[in-house]
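Have a look at the structure below, then the notes.
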Amino acid sequence: MNKIIARVTLAVALTAASAASAQEVDTLCRVEWTRPDGSQVDMLRQYEIDDARGIVNVYDDQGQGWVRTLEIKSARLETMRLVLAEVPGMYHELNRVTGMMFSITRHQDGSFERKRGICNRSNKLSFQ
């Protein structure tokens, strides 16, 4: 656990150093991932929100280091939430009030996977 906290602290510190000029906001989440086979995995998820470009990069850590898993260009700001993806087969959002994240992906075989968790709440969770 201390190793994970150290990684998170380092990742946030490194990102924060570059964030000042790029107007990036980081949001860190503890996530429960339910796979298509029903198994569950606990993981960390980090959202790197770039206000200037309107892009959100998503990084996951399942205990072996941070890996970029998504780059979302179609984010939409609503009063209560930031909708990151709303396309056929995928829905992904961050709730600006509660700090909850939710993601569901439906695969072509009809199975689905769900990710949900609680994020550190940031009052900057928006596009300017």
Original post:
Which value in nm describes the separation of the simple spin-label points at S111 and T98, placed 7 Å from the Cα toward the beta carbon?
Top reply: 2.8
Original post:
Given H placed 1.01 Å from N in the peptide plane, which residues other than close sequence neighbours of R96 have an amide H under 5 Å from its amide H?
Top reply: R81, L82
**OP:** Please go through segment 38-119 and write out the trypsin sites (Lys or Arg not before Pro) that DSSP classes as loop and that have at most 12 other C-beta atoms within 10 Å.
**Re:** R53, K73
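All of the numbers you see were taken from the coordinates with simple rules; none came from a lab. Keep in mind that this is a model prediction, so the values were computed, not measured. Cβ: placed from backbone, ideal geometry, glycine included. Neighbour counts: every protein chain shown.
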